[in-house]
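The values are calculated or read from the model by the stated rules, or taken from the named source; none is laboratory data. For clarity, every value in this text was computed on a predicted model and none was experimentally measured. Neighbour counts are summed over all protein chains in view; Cβ atoms, including those assigned to glycine, are modelled from backbone coordinates with ideal geometry.
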Amino acid sequence: MKINHSKQIHITKPSFQERYEIAVFLFLFFEFIFMVSEKYLDRFVLTHYAFTYQFGLIPRALIGSLISLFSNKVTSQAVYIMSIISFMILISQISIALGRLIRKSDSDIKPALKIFAVLFLASPLSVTYMLGGYFARLDMYWLIITLVSLFCLKNRILRWAIPLLCAAAVMIHQGYLFTYMPALLIPVFYEIYKSRYSKKSIVIFGLSCVSMLCILIFFTFAQKNLPYDNAADFVKQIAKNVDFVPDQQMVYLEYYCPFPQWQIHVVYPLLAYLALPVGLTLLTFSIPLIIIFGSIWKQCLRETDNKFLKFIFLLCALAPSLFVLVAALGTDWDRWWAAVINNQFIIIFYFIFSKEKSVIDAIREVGDFFNEHLLMLALLLIFSNSLTFSKASALVLSIAYQNADVFEALMSYVA
């Protein structure tokens, strides 16, 4: 009996040039090193980690409760270390997702994907805003949960964990519903179409929506049953479990400030001062991406015949409108607009991973345009990067602190 050795299975490893994960990670790591140079966190940020469920099932206490499992006292050093580890996890997720997506894509779409990956990395409104003045804010955990959920979505067993992850995101902060929620729920909704309207996909989508809504309703009423009558007493109790001085203004704003007073005495005066410079800056540096995203969804809507899929693309195009609602309720426009930009990139990358033809065709067309106009692409990247390492990563904070008198006068209202 002769054994034919002519047919052998060759397992080829990606060459060093094709290890896109390394390039993406090193770029994001360089941003981290450049922008997080001090081992100091603001008291306002640190106080977010001081809330735990020992005070009852209160909003925004999940992260602090997780830290308290490993230590009886929440320290500023522990928060700083946890924030660094979490950011490393986040950029590892992004690096692995982008790297594998580019490497495993078809050769005809790969150049366009590389361009989109570079546009994402060059945007000063991508993950860069989580550094600088917003380092250690809860947004980082929202994005981590969103990406973990998307990784689970294609697995027939792990996808059942998505409703729990949705609940966890809202438990971290209810603001998830107005920021990164579209980047998760639209792909979950899309899987209903992709699975040919399977009952399991419908149930997962339904459970995800219900879990977030139930947590939101529960914490809306739970906030009225805080264990202390005022912020000062709450802060005194919190201070026993931390090694820093909790920010009483932050506690009042998050838990005790009545909604009408918050809008009238804090939000609207700050918006009157911040809206024009912040709005113009965000719009100016987002116009190229807005045009690109708009052209993609326009082409997808035009080329798609399936009404259900057309509705999904319409949701993608309308998702940024959530910003209008949340912008009227608060002042952190830079954080929320960054979520809008990130959502668009996440959804587009997910569609490409899912081999959605209409999106791939639209991406290829954009890629072909930039390949024919390399100078325009270079100018666009320079234009975007000109803001990447500036204080625009915390634009609202930078502008507000320039007029300390106005800022302190408004904050004195909540003291």
message: Scan the range 182-201 and tell me whether some residue there is exposed (fewer than 14 other Cβ atoms within 10 Å of the Cβ) and in a helix (DSSP H, G or I).
response: yes
message: Please return the ranges of helices (runs of 4 or more DSSP H) entirely within the range 263-362 where 1 or more residues are acidic (Asp, Glu) and touching an Asp or Glu at 6+ places or on another chain (Cβ under 9 Å).
response: 268-303
message: Regarding the range 79-94, can at least one residue be identified that is outside any helix (DSSP H, G or I) and either over 17 Å from the mean Cα position of the chain (by Cα) or β-branched (Val, Ile, Thr) (or both)?
response: no
field: Candidate set: the range 78-99, residues that are polar (S, T, N, Q) and in contact (Cβ under 8 Å) with a residue 60 or more places away in the chain; chosen: the one farthest from Glu21 (Cα to Cα)
entry: Ser92
statement: When the range 305-316 is checked residue by residue, the ones that are modelled with pLDDT of 95 or more and either among the acidic types (Asp, Glu) or buried (at least 17 other Cβ atoms within 10 Å of the Cβ) (or both) are Leu309, Ile312, Phe313, Cys316
query: Inside the range 95-109, can you point out the residues that are buried (at least 17 other Cβ atoms within 10 Å of the Cβ), in a helix (DSSP H, G or I) and over 17 Å from the mean Cα position of the chain (by Cα)?
result: Gly99, Leu101, Ile102
- prompt: Can you tell me which residue in the range 243-262 is modelled with the lowest pLDDT, limited to those that are surrounded by fewer than 17 Cβ atoms within 10 Å (Cβ to Cβ) and in a loop (DSSP other than H, G, I, E, B)?
  reply: Pro258
statement: For His173, the lone unmet condition from (1) over 23 Å from Ser65 (Cα atoms); (2) surrounded by 21 or more Cβ atoms within 10 Å (Cβ to Cβ) is (1)
message: Against the condition more than 22 Å from Val127 (Cα to Cα), surrounded by 19 or more Cβ atoms within 10 Å (Cβ to Cβ) and either aliphatic (A, V, I, L, M) or modelled with pLDDT of 90 or more (or both), how does Ala339 come out, does it pass?
response: no
message: Anything in the range 56-75 that is more than 21 Å from Ile144 (Cα to Cα) and surrounded by 19 or more Cβ atoms within 10 Å (Cβ to Cβ)? List them, or say none.
response: Ile58, Val74
- request: For Phe178, indicate whether it is under 21 Å from the mean Cα position of the chain (by Cα) and touching a residue at least 60 places away in the same chain (Cβ under 8 Å).
  value: yes
field: Restricting the range 303-322 to residues that are under 17 Å from the mean Cα position of the chain (by Cα) and in contact (Cβ under 8 Å) with a residue 60 or more places away in the chain, the residue that is nearest to Leu177 (Cα to Cα)
entry: Leu322
statement: When (1) at pLDDT below 95; (2) of a type outside the set (Ser, Thr, Tyr); (3) within 19 Å of the chain's Cα centre (by Cα) are applied to Val148, the one that fails is (1)
- line: Note on the range 42-77: residues in a loop (DSSP other than H, G, I, E, B) and either under 30 Å from Ala23 (Cβ atoms) or not hydrophobic (A, V, I, L, M, F, W, C) (or both) are Asp42, Thr52, Gly56, Pro59, Arg60, Ser71, Asn72, Lys73, Thr75
